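Below is one structure, written out as structure tokens; the observations come after it.
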């Protein structure tokens, strides 16, 4: 193959990668806008995919348009209208259609098409938030609500959702398919509910927003440790929610938590792409504006009397780190007590694991190991890399190097993230027992 052909191929591959990246950025907005008017999430996903196919065919030759999102939306709308037109034409009986053509009485058909076109062009604000509340409809089970929202709004792959829930990929796929079917058959209106109905769905919406953020903060799969775009999207939705429900303590708690955690993103990855622990991070790189916003959110929570909220407690935990100028200044005793309060409210194996880490830092690794012992029979922990990594760290600090090495190696096997695996492999290598004498 000559060099010119190689150059063309490389150029096409670069263009394809750039287009697919742009599509991932616009995908949720695209699907949400279409779904609101079509009333069918699956159809909206299909039309968005068709728009991507057309972009892949046209943009490498004609160039990426100045506003890729608008181009994709326009293309998807056109395909929706064409599909609607074909369906309407097929539904009409041939004699009736011929009569209308001959007499010029096609007004009803044309008017319906115009209404659809106008509705697709209507500005409704944030379509993604509307879609999120629909995906959290009470007709769906909690598992279906969260899985559907993460897939459609968060843009996560089924495997990523499965890892976030510590469950099988096939199970998550079934939940999503079933959820779409229920919403379609029920003919649910695609809009943000009002009053009590909105409040009933809010807790699930908050959970989903935080899961989107968490996947961005510590990616469960892929080559990159962090996906800042997901964090930004979650915080954007969080800010919209605070304006939608300004007196809801947990809304402010979630936003404060995300802002405080996101402040560390610039320092979480080193110059060579390696994972950086809290102890290793250069705190001068932390985003001071986000820290200020997060701490301000905690002040709002206190004024509203919500310091014991689940998200508020987690935000207070993040604030302890934010206020420490150096790692050695961290008040681990306070963190351990906050985790104790949190665990009283939410009996979760993941929170129990984080509580064990906090107690190990405050009171010694043997205390952490004792708390981890309570999780040994928890099925989800057997497949959860952070559990084995924490156990490895406690054992390493106790100089039980062979057991620590085995724990880190088990975490490597279970991890789906390349950067995390490299970090864990280095920890395992640090456990090599020095030769005797």
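The values are calculated or read from the model by the stated rules, or taken from the named source; none is laboratory data. Nothing here was measured: the structure is a model prediction, and the numbers come from that model. All Cβ positions, even for glycine, are placed from backbone atoms using ideal geometry, and neighbour counts span all protein chains on display.
Could you list all residues from the range 255-295 that are outside any helix (DSSP H, G or I) and in contact (Cβ under 8 Å) with a residue 60 or more places away in the chain? Within the range 255-295, 269, 273, 274, 275 qualify. Checking each residue in the range 376-417 for being in contact (Cβ under 8 Å) with a residue 24 or more places away in the chain and within 14 Å of residue 350 (Cα to Cα) picks out 378, 380, 381, 383, 384, 385, 386, 387, 388, 389, 390.
Yes or no, residue by residue, for (1) surrounded by fewer than 22 Cβ atoms within 10 Å (Cβ to Cβ); (2) on the phi > 0 side of the Ramachandran plot; (3) assigned to a helix (DSSP H, G or I); (4) in contact with a helix residue (DSSP H, G or I) (Cβ under 8 Å, 6 or more places away or on another chain):
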residue	(1), (2), (3), (4)
343	yes, no, yes, yes
352	yes, no, yes, yes
356	no, no, yes, yes
362	yes, no, yes, yes
367	yes, no, yes, yes
376	yes, no, no, no
392	no, no, yes, yes
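Only one entry in 414, 398 is surrounded by 17 or more Cβ atoms within 10 Å (Cβ to Cβ) and outside the structural domain of residue 159 (by TED's automatic domain parsing), namely 414. Taken over the range 316-337, the residue count meeting the criterion of being over 19 Å from residue 296 (Cα atoms), in a helix (DSSP H, G or I) and in contact with a helix residue (DSSP H, G or I) (Cβ under 7 Å, 6 or more places away or on another chain) is 5. Among the residues of the range 296-311, are any out of contact with any helix residue (DSSP H, G or I) (no Cβ under 9 Å at 6 or more places or on another chain) and either in a loop (DSSP other than H, G, I, E, B) or within 17 Å of residue 228 (Cβ to Cβ) (or both)? No, the range 296-311 contains no residue that is out of contact with any helix residue (DSSP H, G or I) (no Cβ under 9 Å at 6 or more places or on another chain) and either in a loop (DSSP other than H, G, I, E, B) or within 17 Å of residue 228 (Cβ to Cβ) (or both). Looking across the range 238-248 at every residue that is modelled with pLDDT of 85 or more and not in a loop (DSSP other than H, G, I, E, B), the one that is farthest from the chain's Cα centre (by Cα) is identified as 242.
Which of the following residues is modelled with pLDDT under 50, within 30 Å of residue 238 (Cβ to Cβ) and in a helix (DSSP H, G or I): 116, 120, 129, 97? Testing whether each residue is modelled with pLDDT under 50, within 30 Å of residue 238 (Cβ to Cβ) and in a helix (DSSP H, G or I) leaves just 120.
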